[in-house]
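A short worksheet on the structure shown next.
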């Protein structure tokens, strides 16, 4: 099932729509062979436009170029770029069976065989469902069919546009695991668009955080989380506390906040809300500041609203932006 691993390069790519809306500011981007790059950001930040430019569904403004390896694919439409696409809406053919949907691209190329379809169905854990109609499938199964169809033609690049958004939380988590295993086993170059930070952290070799049409930070999930370069990135990735300590503003994560004795405390407050989440408890603490402080603890005890907590933060965990 392995396709050709492909480096992607974007040179001076920008996009302004005919109505004058500037969806993408000028940017350069390199995506390594076999890498999964996640484009992460809020609605309207330009991530889907960037994906569509890579696919060939949108044309960049004059002067911008898209390269697959050494090949300039900028003038090529999607059908000549050999990319696989998976959409939020599945985009399956309702009048075709599962096997017919998966084998559609192979049939167009004259490469369709039952064995190839069976291999693809096994790859996405849909063995034995080839004759079923797609409207008889669950949302998760339909998305697996869409994945198999996209991979059938051994694409140079796999592009995924919010593929899990329409699914419920439990199914989303399971498919996230399955997609991660699949991408790593195939070692295919992939670009994945999402607004879900947990998805981005789980699936990305690197994450490109986007804001208002530009990439504001790119790096590994760990680097993005622990070394955000701006307040926007810090606030968008995970939860960030802001408290004045020793006369200056300190930024730190909930899990870096420790419950300590009064003598060790850097600040204190009363519990405003308690959320038991199974493997940890999230506490919202009113420390008298403009913003409430979020604390995550694995202590196995009951916390009560109104209870006073004494808190401290490891200096090494405090961010300065």
Tilt, helix 139-152 to longest principal axis of the chain (alpha-carbon atoms), in degrees rounded to tens, equals 50 degrees
Output ordering of 198-206, 156-164 (per-residue mean of other Cβ within 10 Å, highest first) is 156-164, 198-206
For the chain, percent of DSSP beta bridges that are antiparallel (nearest 5) comes out at 70 percent
Rg (one decimal) and Dmax (whole number) from the Cα set of segment 240-317, in Å, equal 11.7, 36
Mean separation of Cα contacts under 8 Å (at least 6 apart) over the residue count of segment 52-205, i.e. the relative contact order in percent, is 25 percent
Using the Kirkwood radius over Cα pairs of segment 162-232, the Stokes-Einstein translational diffusion coefficient at 37 °C and 0.692 mPa s, in µm²/s and rounded to a whole number, is 249 µm²/s
So, with points 7 Å from each Cα along the Cβ direction, the residue 230-residue 270 label distance in nm works out to 3.9 nm
Segment 50-119, convex hull of Cα, quarter of hull surface, nm² -> 6.3 nm²
proj_area_mean for segment 21-146 (convex hull on C-alpha atoms), units nm², value 9.8 nm²
From fewest to most C-beta neighbours within 10 Å, the residues 39, 10 line up as 10, 39
Simple spin-label estimate for residue 181/residue 321, 7 Å along Cα→Cβ, in nm, reads 3.7 nm
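Which three semi-axes in whole Å describe the equivalent ellipsoid of segment 190-321, each the square root of 5 times a Cα gyration tensor eigenvalue, listed largest first?
Sorted largest first and rounded, they come to 29, 17, 12 Å.
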Expressed in Å to one decimal, the Kirkwood Rh of segment 122-275 from all distinct alpha-carbon pairs is 18.8 Å
Rounded to the nearest 10 degrees, the helix 114-123 long axis (Cα) sits at an angle to the longest Cα principal axis of the chain of 0 degrees
With Cα coordinates, the longest principal axis of the chain makes an angle with the long axis of helix 169-186, in degrees rounded to 10, of 60 degrees
Expressed in angstrom and rounded, the centroid-to-centroid distance over alpha carbons for segment 194-241 and segment 269-317 is 24 Å
Expected sort for 109, 184 with the fewest Cβ neighbours (10 Å cutoff) up front is 109, 184
For residue 301, placing the label point 7 angstrom along Cα-to-beta-carbon and taking segment 251-289, residues whose amide nitrogen sits under 16 Å are 258-265, 269-271, 281-283
Computed over the chain, the Cα gyration tensor eigenvalues, each multiplied by 5 and square-rooted, give semi-axes in Å (largest first) of 43, 25, 15
Shape call for segment 9-72, from the Cα gyration tensor axes a ≥ b ≥ c (a/c under 1.5 means rounded, otherwise prolate when a/b beats b/c, else oblate), comes out oblate
At R0 = 25 Å the Cβ-Cβ FRET efficiency linking residue 79 and residue 113, nearest 0.05, sits at 0.70
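Only the coordinates and a few stated rules stand behind these numbers; no lab work does. Quick caveat, the model's predicted, so the values are computed rather than measured. In this analysis, Cβ positions are derived from the backbone assuming ideal geometry, glycine residues included, and neighbour counts consider all displayed protein chains.
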